[in-house]
Structures are given as C-alpha cells and as structure tokens.
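Following: one structure in structure tokens, then a few remarks.
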Amino acid sequence: MAGGDLYGVFIEVSIEDAVASDAAIAAKLEEVCPVDIFAVVDGKATVVAENTDECVLCGLCIEAAPSGGVTVRKLYDDTILE
Amino acid sequence: MRFYEFESRKIVELAGIPVTEYGFCKTADEAKAAAERIGGPVVVKSQVLTGGRMKAGGVKFADSPEEAAALAEEILQLEINGHIPRGVLVDPKAQVKQEYYAGVVWDGTAKRPLMLFSDMGGIDIEEVAEKHPDHVGRGHVSNLLPISDYEAKKVIAATGVTGSQLNRATPVLARLARLFRDNDMTLAEINPLAELEDGSFVALDAHMEMEDEAKGRQKRLLEGELSIEPEDTREPYEPSEFERSVKAIDSADHRGVIQGKDHGFEGNLGLVIGAGGGSLTLTDAVRSQGGKPANYSEIGGNPSVAKACGLAKEVLGKEGVEKIAVMMSIVSNTRVDIVARGVIKACLELDKDPAETIAIFRIPGAWEEEGFKILDKYGVEYCDRSVSMWEAAGRAVAKIQGAEA
Ligand code: SF4
C-alpha cells in the first residue's frame, strides 16, 4: 500500500532529561506502558516515536515518574494528560 | 467447516458405516483407473461445496472407463455456482432396492444432537418432513453419555421400518450419531442411505459439516486422515490481494480483530464496519438505500490504531473507492477514539483529506467523547447512538451519490 507512515499525529510524549536518565524510573516506564511507548536505550528512557499514537491515555507513565517528568500531550485538542 | 463429498465419505467409512467402493480423482486418467477398478457402470460427480450439481451437469453416468474419463474431463472444467471442482468422485451405479435418509443435526434450542431418519431418502429431508411428517423419526442424544443402538432403533422404528431393515439401519444411525459427537460436527447426513438388492445398507452420498472452532482439536481427522492443509480455507475462490493484505495485518498484531472481503463487491463506498452483527446490518443498510459497497469488513475486539489504520488504508486503496463509511453498532471494549485515530491516520498517510474521505463516522460507545474531539479536529462528520445505523448508512450513501452527481 502506498503512502508513508506518520508518527505522533495525535499524541506527543516527552520525558524530562533528568527523569530519562534515572535508571530505575526508565525501567519502570518501559514496564508500565501497555503499548510500548518507552524503551530503555543505553540505560536511558527514550520515546518510541512509531508507537506514540497508540497511547491509550492510561496515565501510568505519569504516575511512574516524578511530577512533570513525563508529559503526554493530546495534539488534537492541545491538552495535557493529567 | 464444510467437507467435500469424498471427505464425508471417508469420515463415514472411518466410523464403520459401509460405503460403496469409490475413487476421488483429480484427472481424467485417474477417473478411468477408478472406473476400471470399480467395474461396471459408474457415476462421475463433481466435488464442489455447493448444491445443484445435478442440474448444472456436474453429475453424469458412464458405462465404460473410457466414457468415465471423458465425462471427468468435462466435469473438471465445469464451474458450478462460481465453484471450481476440487476433483471428481467416481462411484458405482448401485442397484438400489430402497433409499433412506439418516442424519444428525445440532439442535440449538435443545442444545443436543438430534437424530433424524426417514424411509423416504434421496430427496430433500425438509420437504419430506413437511409433506410426510409420519415418515420422519426424530430423537435427541446426550452430549456426554454413551449413545446406544437402542436410541437409534427407536428413531427408525418411528417411521414404520421393521424386521431386517430395522436391524441393519440401526447401527448406521447409531454410528452416525457417535461420529457426529466425536468429530464436533454440526451436520452429518447420509442421503441416500441405500438398501441394495442383497439387503445390505450402504451410504451412497454423505454430507458433513464441522464446527469451525473445533478445527484445532480435530487435527487428527483433518490433517491426519483427510490430509486437509491447515490453510485450506474452503473458500470457493482464491483470496484477493485485499483479502490477503487484511489477513496479514490482522495476523501481525494481536490487538483486536479485522477481516475484509471484497469478492463480489465492486462499489465505490468502502466500509470499515463491525461490532456485534453490525457488519451485516450495515452492509444491508448501505445496499438497501442504493449504495454500492466496495467491500465487507469486520473490525472489533479493541484493535490498535495501527490495525484500524491498516484496514482503512487497504479499503481506501481498492480501485474505485471514493469514500469510506466508518460505522459500528455500539462498542464496549473497542475504543471509539482509537478507531478514529486509525481511520484518520489512514487518510493522512494516503494524502487524503479525512473530512472529504470519511463519509460518516458512527461508532457510539467507549471513549466516544475523546473520539469526537479527534473527529472535530479533522472536520469529519460523525454521529452518536441517537442516529440509527440505517440512518448513518443512508447519510453515507447520500454523500457519495452527491459526489457522483
Ligand atoms: S499514558 Fe499510558 S499508554 Fe500513554 S504513554 Fe503513558 S503509559 Fe503509555
């Protein structure tokens, strides 16, 4: 099928640098996200861009990180998941 | 799952029910050899999973092996109701004294197998039941307890059959009931069950259907005894590229389920539809209101965005598709916002405007408010459960007809 794959059309996920570098939190983020949006690469939490639109807005990553450490933004109404 | 007659014959034979000597053949030469082995006049029957073989010229009689070969050649080329024959069955032309009917069906109301017997075989059993109800015997059997010959005998005796005929037909019906249960059949029929001139009983034709869900646990029969490949779909036609692609997308991702069919569909309105019988209702609703569906589909079980997107892209990629209608009955576990993301993404990835491409989005249910926000952002027309499936389908048809005008 023709047409390129687009990522991050609906959801944008970001991690504060300090949070991403915390090995324990990074591992936790990878573990809690049900749709594999986080992966630990070289001991750091990274966002798997091709999976971000699968975000089910469960908020588990936000709970797993210190306040403000992870941001999940809904691009279609420009709000942030609390 | 339906079985070809030659497979049904084998299943009957494995259950210890006498059958005439027969040959399943894929070529004219094999048919000739089978006719030589059988000896005497034979009947050559097309092996297709559809009715009306006789009328269509798929069943013919031959007096010699040479004639059997010529007829097989002809029948092997003959398409019946769109079905290409898997082969031909060569059978002896039996000297029949009387034809009977023996069958076992699943009685969904009683939730037990139901044995049926009639002394008027060779014709449609429903017709016999309607016109000659006293010639049809019936009796349920247990799902768990052993099936005794006596239960079968009572059913047969109810039709007035007595004496040696009763004694000889009894094990046939009892074995049929056991094979029905042991092999998870939904239908097991021998019609006609023939009493030959020498008084013996043989199955001249058999028809079996197995519960689809049982395929996994019936591997011994399917793959072992009948050599049926696991990927044998029993479809009468080769799956289209669309069908294969949808299946591949479905298999690659365990989240949710999608199915797509486009055999016999040539319309311009693509359908991304599903949920609890919704697909059939919605396809009918589109057709009944003058719409021309480009495909049939089923989506549900909480698919991922990627899966919904994959299905929508395949539908949109079909030749002639101008718009898609995304509709379901009411969803509980499937999330409206996830499907909305998927179908919109499909449009964007194909450089299409979602507002123009999605004729209507009607999926009421879980997370619909979130879904509506997404649809609002892209200007897609949507509706909630206050708009019936019929009305939503009508709106999609009106939109595409408006675009045609
Ligand atoms: S909200 Fe849930 S699904 Fe989304 S990124 Fe966080 S953990 Fe993953």
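The values are calculated or read from the model by the stated rules, or taken from the named source; none is laboratory data. Worth saying up front: this structure is predicted, and the values here are computed from it rather than measured. Positions of Cβ are generated from backbone atoms using ideal geometry, with glycine treated the same way; all protein chains shown enter the neighbour counts. The accessibility values were calculated without ligands, DNA or RNA, using every heavy atom of the protein model including side chains. Shrake-Rupley method; radii C 1.70, N 1.55, O 1.52, S 1.80 Å.
Once the Cα atoms of the protein assembly as shown are picked out, what are the Rg and Dmax in Å?
For the protein assembly as shown, the Cα radius of gyration and maximum Cα-Cα distance read 29.6, 93 Å.
What net charge do the residues around B:Thr159 carry, taking every other residue with its C-beta under 9 Å from that of B:Thr159, with Lys and Arg at +1 and Asp and Glu at -1? Write out the running numbers ahead of the final one.
On the way: positive: none; negative: B:Asp119, B:Asp134.
So the environment of B:Thr159 carries a net charge of -2.
So, with a 1.4 angstrom probe, what is the percent of accessible area on chain A that is carbon and sulfur?
Working: 2100 of 4230 Å².
Carbon and sulfur atoms account for 50 percent of the accessible area of chain A.
Toward the positive end of the charge dipole of chain B, about the Cα centre and with charges on Cβ (Lys, Arg +1; Asp, Glu -1), which of B:Met115, B:Gly216, B:Ser329 goes farthest?
B:Ser329
Could you work out Rg/(2.2 N^0.38 Å) for chain B, with Rg from alpha carbons only?
Numbers: Rg = 26.2 Å, N = 405, 2.2 N^0.38 = 21.5 Å.
Ratio of Cα Rg to 2.2 N^0.38 Å: 1.22.
Among the residues of region A:6-20, which ones have their accessible area go down by 20 Å² or more when all the protein chains sit together, as opposed to their chain alone (1.4 Å probe)?
Output list: A:Leu6, A:Val9, A:Phe10.
Of the accessible area of region B:96-225, with the probe set at 1.4 angstrom, what percent is carbon plus sulfur?
Numbers: 3020 of 6330 Å².
So the carbon and sulfur contribution to the accessible surface is 48 percent.
Just report the Cα centroid separation between region B:169-236 and region A:1-39, whole Å.
What the calculation gives is 54 Å, centre to centre.
Taking B:Lys373 as the anchor, which lysines have their alpha carbon closer than 17 Å to its alpha carbon, excluding any fewer than eight residues away along the same chain?
Leaving aside lysines fewer than 8 places away in the same chain, those within reach of B:Lys373 are A:Lys74, B:Lys345.
For a quick check: with amide H placed at 1.01 Å from N, whose amide H comes under 5 Å from B:Gly87's, ignoring anything fewer than 5 positions away on the same chain?
When sequence neighbours closer than 5 places are left aside, the close amide H contacts are B:Gln47.
Over 24 Å between Cα atoms, which of B:Lys247/B:Lys313; B:Lys247/B:Lys377; B:Lys292/B:Lys313 qualify? Mind dumping the intermediate values first?
Numbers: B:Lys247/B:Lys313 13 Å; B:Lys247/B:Lys377 31 Å; B:Lys292/B:Lys313 19 Å.
Table pairs above 24 Å Cα-Cα are B:Lys247/B:Lys377.
Let me have the relative contact order for region A:3-81, percent, based on Cα pairs under 8 Å that are six or more residues apart. It would help to have the intermediate numbers written out before the result.
Details: 133 pairs, mean separation 30.1, N = 79.
Relative contact order, region A:3-81: 38 percent.
Counting Lys and Arg as +1 and Asp and Glu as -1, what is the net charge of the other residues whose Cβ lies under 11 Å from the Cβ of B:Glu74?
Working: positive: B:Lys60; negative: B:Glu67, B:Glu73.
Overall, the nearby charge balance is -1.
By a straight-distance test (C-alpha under 14 Å), which aspartates and glutamates pair with B:Lys32 as possible cross-link partners, with residues fewer than eight away in the same chain excluded?
B:Asp63, B:Glu66, B:Glu67, B:Glu73, B:Glu74, B:Asp91
Could you size up the charge dipole of chain B around its Cα centre, putting +1 on the beta carbon of Lys and Arg and -1 on that of Asp and Glu, and report it in debye to the nearest 20? Each step should come with its number before you reach the end.
Working: 48 positive and 66 negative charges, 203 e Å.
Magnitude of the dipole: close to 980 debye.
Please work out the average accessible area per residue across the protein assembly as shown, using the 1.4 Å probe convention, and give it in Å². Before the final figure, lay out each step's value.
Values: 22250 Å² over 487 residues.
Accessible area per residue: 46 Å².
Excluding ligands and nucleic acids, what accessible area in Å² is computed for B:Thr109 using a 1.4 Å probe, to the nearest 10?
Taking all protein chains as shown, B:Thr109 has close to 130 Å².
In region B:308-325, which residues give up 10 Å² or more of accessible area once the other protein chains are added, compared with their chain alone (1.4 Å probe)?
B:Lys313, B:Glu314, B:Gly317
If you take the accessible area of B alone, add that of A alone, and subtract the area of the pair, what total do you get in Å², probe 1.4 Å, to the nearest 100? Display every interim value, and only then the final one.
Numbers: alone 18840 and 5110 Å², together 22250 Å².
Counting both chains, the buried surface is close to 1700 Å².
Kindly identify residues of region A:40-54 having a loss of at least 40 Å² in accessible area between the isolated chain and the assembly of all protein chains, probe radius 1.4 Å.
Buried by 40 Å² or more upon assembly, which counts only protein chains, are A:Asp53, A:Glu54.
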